[in-house]
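The values are calculated or read from the model by the stated rules, or taken from the named source; none is laboratory data. Computed from a predicted structure; not experimentally measured. Cβ placement follows ideal geometry from the backbone for every residue including glycine, while neighbour counts extend to all protein chains displayed. Side chains are part of the model used for accessible areas, which takes the heavy atoms of the whole protein and leaves out ligands, DNA and RNA. Shrake-Rupley method; radii C 1.70, N 1.55, O 1.52, S 1.80 Å.
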Amino acid sequence: MPVQLSDNRNYKAMTVERADALFRSIALLTVKRDKIKAAYEKRIADLKATADREMDPLDAGLKDMAAELAAYISHNPDRFVKPRQRPTDYGKYGLRTVSNLEIVDEELAKASVRAQGIPALIVTEKLDKKALEKAISDGKEIDGVEFRTGEIASYTVAKALAEE
């Protein structure tokens, strides 16, 4: 028994007027949805601005206090030998040992890595679609590549409608 995948009879029978009415509904719903979204985005922006105004003096105070604590720690490193971090009921503060790798000459580092056989280079391959399109248009046949041309159905809601 055949399985029906689609039936286009209703759409073949649809009049231009019915298609216009359908698009009108799409346009009006799009505008309504966009207005709701814009209203919520404005409310979010207003809330963020209010929060920023409330947090600005707190951030300034935190910055000053953090600078003062950092000065205390850096001027008294002997107090942070063991343990490196002073535990309190509110958390801990002190010194931590950190490291980072800085590449000062990338080409020299690459040459050194290659010479020593260290597996530290990452090579990435990526197909260039523009070059592939040009090669196909020049008559080349490339396995695994298809150039497809077609049409898409689309609509654009008039901006004037949204401004009403």
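Go through segment 1-47 and count every residue that is open to solvent by 90 Å² or more (accessible area, probe 1.4 Å) and within 17 Å of Lys159 (Cβ to Cβ).
Looking only at that region, the number is 6.
Which pairs do you get when a residue that is within 24 Å of Glu107 (Cβ to Cβ), found in segment 121-132, comes within reach of a residue that is open to solvent by 100 Å² or more (accessible area, probe 1.4 Å) and not in a loop (DSSP other than H, G, I, E, B), reach meaning Cβ atoms under 9 angstrom, with the pair 6+ apart or on two chains?
From residues that are within 24 Å of Glu107 (Cβ to Cβ), the pairs are Leu121/Arg114.
Hey, could you check segment 13-32 for residues that are β-branched (Val, Ile, Thr) and within 34 Å of the chain's Cα centre (by Cα) and say which is farthest from Ala162 (Cα to Cα)? Walk me through it before giving the result.
So the first thing to find is which residues in segment 13-32 are β-branched (Val, Ile, Thr), and the list is 15-16, 26, 30-31.
Those still in the list that are within 34 Å of the chain's Cα centre (by Cα) too: 26, 30-31.
On the way: Ile26: 13, Thr30: 9, Val31: 5 Å.
Among residues in segment 13-32 that are β-branched (Val, Ile, Thr) and within 34 Å of the chain's Cα centre (by Cα), the one farthest from Ala162 (Cα to Cα) is Ile26.
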